[in-house]
Amino acid sequence: MNVWERDPNRVKCFFMDPSGDVHIETYRCTSYASKIKCEMSTYGGGHWAHLPFGIGKELDDKGHQVSAGYLTREKADSTYGLDKFPTECQCGYKFTDADEFGHRRIPIYQRRDDPSVRYTLQEAPDGAMYYATWYEKHRDWCGLDGHALMVKAPGGHDWHVDGRCSNCTRPEDKVHKCWCRHGDPETGDVTVNKVGDTCSAGAGSLLLKNWHGFLTSGWLHT
Ligand SMILES: [Zn+2]
Ligand SMILES: [Zn+2]
């Protein structure tokens with residue numbers, strides 16, 4: 001159960017680290033170029049199906065990130081075995097050799113305060129904080145510590161605390177922070193406010209369609 005459902009007024013934040021493991025899923029799909037449409041696709045796309053394969057490592061033996069996505073038929077067979085791929089779309093369409101093979105590798109995070117509790121970013125409950133390491137090459141997307149902090153906020157929104165707020169009054173200025181964060185995220189104890197080099201937007205709160213609140217001393221609250 002989600003923490004947010006237990007107490008609608010406040011949620012305790014906690015930090016998550018990448019565990020180094022990934023959930024692997026195999027998939028088949030009709031190629032985008034074929035322009036085939038599946039009547040059961042919710043986004044107007046082609047036939048698509050996936051199967052959970054198991055847990056794997058994020059890095060290969062040489063320490064390189066294993067890339068996800070398209071696989072040749074040969075690579076699909078040598079890596080997973082062709083029998084580990086779905087054979088048909090939920091609409092009943094049967095995939096042929098001409099259709100694509102691929103795999104998804106979804107990072108699993110673990111709680112700093114209890115590494116036995118693990119989530120994907122999608123599964124993580126409200127209050128989960130993590131570093132968006134893929135933003136770290138953009139200085140103006142990071143806090144003063146060089147990290148790009150994300151917080152799972154109520155309502156299913158990933159709040160990029162070190163990013164730009166939508167009503168920023170100094171959009172040309174890359175140095176200021178719309179939200180000033182204080183404290184060490186890795187302890188879970190973070191405060192976000194307007195104390196620092198900041199713009200005039202808001203009061204340091206996060207304004208979502210269905211939630212408006214603050215992050216103070218490690219608590220998301222309204
Ligand atoms: Zn289909
Ligand atoms: Zn701003």
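The values are calculated or read from the model by the stated rules, or taken from the named source; none is laboratory data. Here the structure is a predicted model, which means the values were calculated and not measured. Cβ sites come from the backbone with ideal geometry, for glycine too, and all protein chains shown count toward neighbours. Surface accessibility is based on the protein's heavy atoms, side chains included, excluding ligands, DNA and RNA. Shrake-Rupley method; radii C 1.70, N 1.55, O 1.52, S 1.80 Å.
Please find, within region 1-49, the residue that is nearest to residue 110 (Cα to Cα) out of those that are at pLDDT below 95 and in contact with a His (Cβ under 8 Å, 6 or more places away or on another chain).
Top of the filtered list is 11.
Filter region 74-86 down to residues that are among the hydrophobic types (A, V, I, L, M, F, W, C) and in a helix (DSSP H, G or I), then give me how many there are. Step through it out loud before you land on a result.
Step one: of region 74-86, the residues among the hydrophobic types (A, V, I, L, M, F, W, C) are 76, 82, 85.
The next check asks that each one be in a helix (DSSP H, G or I); those that pass are 76, 82.
Total satisfying the criteria: 2.
Which of the residues that make up region 165-201 are more than 7 Å from ligand 2 (Cβ to nearest atom) and aliphatic (A, V, I, L, M)?
Result: 175, 190, 192, 195.
Looking only at region 68-79, decide whether some residue is touching a residue at least 40 places away in the same chain (Cβ under 8 Å) and touching a strand residue (DSSP E or B) at 6+ places or on another chain (Cβ under 8 Å).
Kept after step one, since they are touching a residue at least 40 places away in the same chain (Cβ under 8 Å), are these residues of region 68-79: 76.
Next, from what is left, pick out any that are touching a strand residue (DSSP E or B) at 6+ places or on another chain (Cβ under 8 Å): 76.
Yes, region 68-79 has at least one match.
Looking only at region 87-111, count how many residues are surrounded by fewer than 17 Cβ atoms within 10 Å (Cβ to Cβ) and part of a loop (DSSP other than H, G, I, E, B).
7
Only one of 26, 42 is buried (at least 17 other Cβ atoms within 10 Å of the Cβ) and assigned by TED's automatic domain parsing to the domain that holds residue 95. Can you tell me which? Spell out the reasoning first.
Numbers: 42 fails: buried (at least 17 other Cβ atoms within 10 Å of the Cβ).
Of 26, 42, the one residue that is buried (at least 17 other Cβ atoms within 10 Å of the Cβ) and assigned by TED's automatic domain parsing to the domain that holds residue 95 is 26.
All but one of (1) under 27 Å from residue 129 (Cα atoms); (2) among the small types (Gly, Ala, Ser); (3) part of a loop (DSSP other than H, G, I, E, B) hold for residue 44; state the number of the condition that does not hold.
So the condition that residue 44 fails would be (1).
Is there a residue in region 59-73 that is more than 30 Å from residue 147 (Cα to Cα) and assigned to a strand (DSSP E or B)?
Keep residues of region 59-73 that are more than 30 Å from residue 147 (Cα to Cα), which gives 70-73.
Applying the additional criterion that residues be assigned to a strand (DSSP E or B) yields 70-71.
Scanning region 59-73, I find at least one residue that is more than 30 Å from residue 147 (Cα to Cα) and assigned to a strand (DSSP E or B), so the answer is yes.
Of the numbered conditions (1) within 16 Å of ligand 1 (Cβ to nearest atom); (2) of a type in the set (Val, Ile, Thr); (3) open to solvent by 30 Å² or more (accessible area, probe 1.4 Å), residue 55 satisfies every one except a single condition; which is it?
It is condition (1) that residue 55 fails.
Okay, residues lined up against (1) modelled with pLDDT of 95 or more; (2) within 16 Å of ligand 1 (Cβ to nearest atom); (3) out of contact with any Leu (no Cβ under 7 Å at 6 or more places or on another chain); (4) closer than 17 Å to residue 140 by Cα:
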position	(1), (2), (3), (4)
156	no, no, yes, no
166	no, no, yes, yes
178	no, no, yes, yes
183	yes, no, yes, no
190	yes, no, no, no
